[in-house]
Amino acid sequence: LNGFAFRGSEQAARALERNPNVLRVEAARAVSAVQESGSHGFFRIDAEWTYYAGDRGTMASGTPVRIAVLDTGIMTTHPDLAPNLDLAQSVNCVNPGSSPEDDQGHGTHVAGIAAAADQGDGALGVASQATIVAAKVLDASGYGTDAQVLCGLDHVAALAADGVPTVVNLSLGEAHAEGSGCASSATHQAICNLTAANVTVVAAAGNTPEDAGSFYPAAYPETIAVSAFTALDGDPGVSGCGFFILDGLLYECDEALASFTSYGSIVDVTAPGVRVWSTTFDGAHGGNSGTSMAAPFVSGAAALILAKNPTLDPAAVRSILQSSGECPDGTTAGGPTC
């Protein structure tokens, strides 16, 4: 820009503007730092486009879409989560009657990816105005039982009866043998009932590099199963490879499936899951990797879809997520090479 800045009177500014060598004189305007999501994944899935378009997880009526995070709980006072957290609707299925406070960190990190509030700095979730409901179904070691998960699913079913579009994030699971059909287990029946009630269920596909066909709840056909790929920056171009820590030293390459991710025909979509930056249960921020981190990107995107059209059923949400994505080779979703 061929110009200069100066301090002076309005009269001086007008005099400068009359100079034939001056194109324009403008008053200086205040600017502030742009919201920093901190997560390359946020930009890799183009979440900034919906953010700046004003689509942030709230319906036209002004009611936020609900995202229920069934996990280790949530740090209820985290400055990036507290504005969106509905503590009254939250539940502790590990210690009933207690606050769903996170004593491990996993749930807080997951919640931030999906729906951290716009606070001007810190983390920014994909659906930054969605309501977060915490259901603590895992303990301080990161483990729980299917009974505790069922407690959380039942709680969500009761909440969703109010008609508010609801997404469930399940960044948890277990590999085991199970039959087919909704009656194959109590958990499967509960998820079938939830999806029949138009609750969209998103689940992590697992962190073992093998077929996810026996990893539940992701393997249930009613859930949207999410694997993980590496997004070392916010750009779809390949930028190289690097070493990362996740239960050991991993070597991950940009735009490739993560070395640890489960895969297979049950996977519906993949999302960033390596070195994802989000909220931590000490009130700060940090990075983590896993399909647990990939799933809430999809839960946040599902919330944005439901905010635009609250009448969509889970199958329609799945279809939109797949048709609006891209193939692993970068071509348009639905192409013959997908």
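The values are calculated or read from the model by the stated rules, or taken from the named source; none is laboratory data. Because the structure is a prediction, the values reported are computed rather than measured. Here the Cβ positions follow ideal geometry from the backbone for every residue, glycine too, while neighbour counts run over all protein chains shown. Please note that ligands, DNA and RNA were not included when accessible areas were found on the heavy atoms of the full protein model with its side chains. Shrake-Rupley method; radii C 1.70, N 1.55, O 1.52, S 1.80 Å.
Of Thr195, Thr145, Thr166, which residue is among the β-branched types (Val, Ile, Thr) and closer than 26 Å to Ser289 by Cβ? Explain how you work it out, then say what you get.
Values: Thr195 fails: closer than 26 Å to Ser289 by Cβ; Thr166 fails: closer than 26 Å to Ser289 by Cβ.
The match here is Thr145.
Please state which one of Arg56, Arg24 is in a loop (DSSP other than H, G, I, E, B), in contact with a helix residue (DSSP H, G or I) (Cβ under 9 Å, 6 or more places away or on another chain), modelled with pLDDT of 95 or more and open to solvent by 40 Å² or more (accessible area, probe 1.4 Å). Full working, then the answer.
Working: Arg24 fails: modelled with pLDDT of 95 or more.
Answer to the selection: Arg56.
Being surrounded by fewer than 24 Cβ atoms within 10 Å (Cβ to Cβ) and either in contact with a Phe, Trp or Tyr (Cβ under 9 Å, 6 or more places away or on another chain) or not charged (D, E, K, R) (or both) is true for just one of Ser180, Ser171. Which residue is that? Lay out the reasoning, then the answer.
Values: Ser171 fails: surrounded by fewer than 24 Cβ atoms within 10 Å (Cβ to Cβ).
Result of the check over Ser180, Ser171: Ser180.
Specify which of the listed residues (Thr195, Thr187) is more than 21 Å from the chain's Cα centre (by Cα), of a type in the set (S, T, N, Q) and assigned to a helix (DSSP H, G or I). Talk me through it step by step, then tell me what you get.
Details: Thr195 fails: more than 21 Å from the chain's Cα centre (by Cα).
After ruling out the rest, the residue left standing is Thr187.
Examine the stretch 270-286 for a residue that is part of a loop (DSSP other than H, G, I, E, B), small (Gly, Ala, Ser) and either in contact (Cβ under 8 Å) with a residue 40 or more places away in the chain or in contact with a Ser or Thr (Cβ under 9 Å, 6 or more places away or on another chain) (or both), and state whether such a residue exists.
Step one: list which residues in the stretch 270-286 are part of a loop (DSSP other than H, G, I, E, B), which gives 273-275, 280-284.
Remaining after also requiring small (Gly, Ala, Ser): 273, 283-284.
Next, from what is left, pick out any that are either in contact (Cβ under 8 Å) with a residue 40 or more places away in the chain or in contact with a Ser or Thr (Cβ under 9 Å, 6 or more places away or on another chain) (or both): 273, 283.
The answer is yes; a qualifying residue exists.
So, in the stretch 237-263, exactly how many residues are open to solvent by less than 10 Å² (accessible area, probe 1.4 Å) and of a type in the set (A, V, I, L, M)? Before you say what the answer is, go through the steps one by one.
From the stretch 237-263, those open to solvent by less than 10 Å² (accessible area, probe 1.4 Å) are 252, 254, 258, 261-262; that's our starting set.
Going one step further and asking which of them are of a type in the set (A, V, I, L, M), we end up with 258.
The total comes to 1.
Scan the stretch 160-180 for residues that are touching a helix residue (DSSP H, G or I) at 6+ places or on another chain (Cβ under 6 Å), at pLDDT 95 or above and farther than 15 Å from Gly73 by Cα and jot them down. If you could, list the steps in order and put the result at the bottom.
Initial filter on the stretch 160-180 (touching a helix residue (DSSP H, G or I) at 6+ places or on another chain (Cβ under 6 Å)): 165-169, 171, 175, 178.
Among the residues that remain, those that are also at pLDDT 95 or above are: 165-169, 171.
Correct list: Pro165, Thr166, Val167.
Could you tell me whether Gly234 is part of a loop (DSSP other than H, G, I, E, B) and crowded, with 19+ Cβ neighbours inside 10 Å? Quick ask: steps written out before the conclusion?
Details: part of a loop (DSSP other than H, G, I, E, B): yes; crowded, with 19+ Cβ neighbours inside 10 Å: no.
When the stated conditions are applied, Gly234 does not pass them.
Mind checking which residues of the stretch 146-202 are without any contact (Cβ under 8 Å) to a residue 24 or more places away in the chain and among the charged types (D, E, K, R)?
Scanning the stretch 146-202 gives a single hit, Asp162.
Of the residues Ile266, Ile224, which single one is at pLDDT 95 or above, touching a helix residue (DSSP H, G or I) at 6+ places or on another chain (Cβ under 7 Å) and open to solvent by 10 Å² or more (accessible area, probe 1.4 Å)?
On the way: Ile224 fails: open to solvent by 10 Å² or more (accessible area, probe 1.4 Å).
Ile266 is the lone residue from the list that is at pLDDT 95 or above, touching a helix residue (DSSP H, G or I) at 6+ places or on another chain (Cβ under 7 Å) and open to solvent by 10 Å² or more (accessible area, probe 1.4 Å).
Could we say that Ala123 is without any contact (Cβ under 8 Å) to a residue 40 or more places away in the chain and outside any strand (DSSP E or B) here?
Numbers: without any contact (Cβ under 8 Å) to a residue 40 or more places away in the chain: no; outside any strand (DSSP E or B): yes.
So Ala123 fails the test.
Out of the residues in the stretch 68-97 that are under 13 Å from Thr108 (Cβ atoms) and assigned to a strand (DSSP E or B), which is most open to solvent (accessible area, probe 1.4 Å)?
Per the criteria, the residue is Leu85.
Count, please, the residues in the stretch 254-277 that happen to be farther than 17 Å from Ile45 by Cα and hydrophobic (A, V, I, L, M, F, W, C). Quick ask: steps written out before the conclusion?
Let us first name the residues in the stretch 254-277 that are farther than 17 Å from Ile45 by Cα, namely 259-267.
In the following step, the residues that additionally are hydrophobic (A, V, I, L, M, F, W, C) were identified as 260, 266-267.
Final tally of qualifying residues: 3.
Is it true that some residue in the stretch 139-149 is modelled with pLDDT of 95 or more, open to solvent by 10 Å² or more (accessible area, probe 1.4 Å) and either assigned to a strand (DSSP E or B) or under 28 Å from His176 (Cα atoms) (or both)?
Just the residues of the stretch 139-149 that are modelled with pLDDT of 95 or more, to begin with: none.
No, the stretch 139-149 contains no residue that is modelled with pLDDT of 95 or more, open to solvent by 10 Å² or more (accessible area, probe 1.4 Å) and either assigned to a strand (DSSP E or B) or under 28 Å from His176 (Cα atoms) (or both).
Quick one: which residue in Thr166, Thr131 is buried (at least 24 other Cβ atoms within 10 Å of the Cβ), more than 27 Å from Glu210 (Cα to Cα) and among the polar types (S, T, N, Q)? Quick ask: steps written out before the conclusion?
Details: Thr131 fails: buried (at least 24 other Cβ atoms within 10 Å of the Cβ).
It is Thr166.
Has the stretch 192-210 got at least one residue that is closer than 21 Å to Gly325 by Cα and surrounded by fewer than 24 Cβ atoms within 10 Å (Cβ to Cβ)?
no
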